[in-house]
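Everything below concerns the one structure shown next.
The values are calculated or read from the model by the stated rules, or taken from the named source; none is laboratory data. Bear in mind that the values here come from a model prediction, so they are computed numbers and not experimental data. Reconstructed Cβ throughout: ideal geometry from the backbone, glycine too, with neighbour counts over all protein chains shown.
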Amino acid sequence: MTDSLTFIGTATTLIRLGEFTVLTDPNFLHRGQRAYLGKGLWSRRLTEPALGIDHVPPGNAVVLSHLHGDHFDRVARAHLRRDAPVLTTPHAAPRLARWGFRAEGLETWQSASLGDAGEILHVTALPAVHARGVMSRLLPPVMGSLLELERDGRIVRTVYVSGDTLTGDHLDAIADRFQRIDHAVVHLGGTRVLFHTVTMDALQGLDCLHRVRPRHVVPVHHDDYGVFRSPLSAFLQQTELAGMRGLVTPVARGQTIELDGPTSE
């Protein structure tokens, strides 16, 4: 079975690792609908998701970086299956549980594992910083995550999902702890809220790559909402100038790419 990633839109992906399928940040609003961000903030969706929620195959888990309307929307709340665990922040878990989901809040560096002795998927919560200063009090806590596929006692594939984070020293801590990152799914967009940048723009995205040092990069979260101000083209230009363009695979909504690479160190 080939490991793969399917891009649905925004930060919503289907990641298939071995026998496991993980849905990330489920956002299935249609073009023109509003995503509510809390504190009276909202943004209108500019694109269509590649799949409707009814066409998403059953998965083993949902990994939710934070509880924001462009990452977990009212469509997901109403129609997402309740039988798979939702691995998320301690802040988001109680509300999801009230909605009937099997939510598990993970503290930073805490892991949850799926599967049995033959093949196991480890999901570890990683540090992320959605905003600094006054904006940090308006936005919910966010986490990155590391997916590690273990087979016969060996880690054979790792995928880092950045979550909505800014760059900074917290990414150095990830690289210090996890020196092998095969693939990085990086949330970009340079999101601007109340004159503050709250997700990585092109330059911050490049800095993230220097800090985390992934072998391969899939950029997401860059053109779906009006609050996204840094286009994918700017990130590709920066990686080209830095000699890192070969690490990056842009992926269109609805496209599936293989997550290949070495299966052992």
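Which ones in region 238-265 are at pLDDT 95 or above, farther than 19 Å from residue 166 by Cα and either in a helix (DSSP H, G or I) or touching a Lys or Arg at 6+ places or on another chain (Cβ under 7 Å) (or both)? Answer for region 238-265, where residues must be at pLDDT 95 or above, farther than 19 Å from residue 166 by Cα and either in a helix (DSSP H, G or I) or touching a Lys or Arg at 6+ places or on another chain (Cβ under 7 Å) (or both): 240, 241, 245, 246, 247, 259.
Listed here are the residues, each with its yes/no results for (1) among the small types (Gly, Ala, Ser); (2) without any contact (Cβ under 8 Å) to a residue 12 or more places away in the chain; (3) in contact with a Leu (Cβ under 6 Å, 6 or more places away or on another chain); (4) assigned to a loop (DSSP other than H, G, I, E, B).
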{"residue": "59", "(1), (2), (3), (4)": "yes, no, yes, yes"}
{"residue": "62", "(1), (2), (3), (4)": "no, no, yes, no"}
{"residue": "76", "(1), (2), (3), (4)": "yes, no, no, no"}
{"residue": "83", "(1), (2), (3), (4)": "no, no, no, yes"}
{"residue": "86", "(1), (2), (3), (4)": "no, no, yes, no"}
{"residue": "103", "(1), (2), (3), (4)": "yes, no, yes, no"}
{"residue": "107", "(1), (2), (3), (4)": "no, no, no, yes"}
{"residue": "113", "(1), (2), (3), (4)": "yes, yes, no, no"}
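Out of all the residues in region 89-122, which are among the hydrophobic types (A, V, I, L, M, F, W, C), surrounded by 14 or more Cβ atoms within 10 Å (Cβ to Cβ) and within 17 Å of residue 165 (Cβ to Cβ)? Correct list: 92, 106. Which residues, taken from region 17-32, are touching a residue at least 40 places away in the same chain (Cβ under 8 Å) and over 12 Å from the mean Cα position of the chain (by Cα)? Selection gives 17, 18, 19, 20, 28, 29.
The one condition from (1) out of contact with any helix residue (DSSP H, G or I) (no Cβ under 7 Å at 6 or more places or on another chain); (2) modelled with pLDDT of 95 or more that residue 129 does not meet is (1). When the residues of region 124-153 are filtered to those that are outside any loop (DSSP other than H, G, I, E, B) and of a type in the set (Lys, Arg), the one that is farthest from residue 66 (Cα to Cα) is 151. Residues that are in contact (Cβ under 8 Å) with a residue 24 or more places away in the chain and out of contact with any Phe, Trp or Tyr (no Cβ under 9 Å at 6 or more places or on another chain) within region 232-249 comprise 232, 234, 235, 237, 238, 239, 242, 244, 247, 249, listed in sequence order.
For region 163-213, filtering for residues that are part of a loop (DSSP other than H, G, I, E, B) and touching a Cys at 6+ places or on another chain (Cβ under 7 Å) leaves 2. Scanning region 167-196 for residues that are of a type in the set (A, V, I, L, M), surrounded by fewer than 21 Cβ atoms within 10 Å (Cβ to Cβ) and modelled with pLDDT of 95 or more turns up 173, 175, 181.
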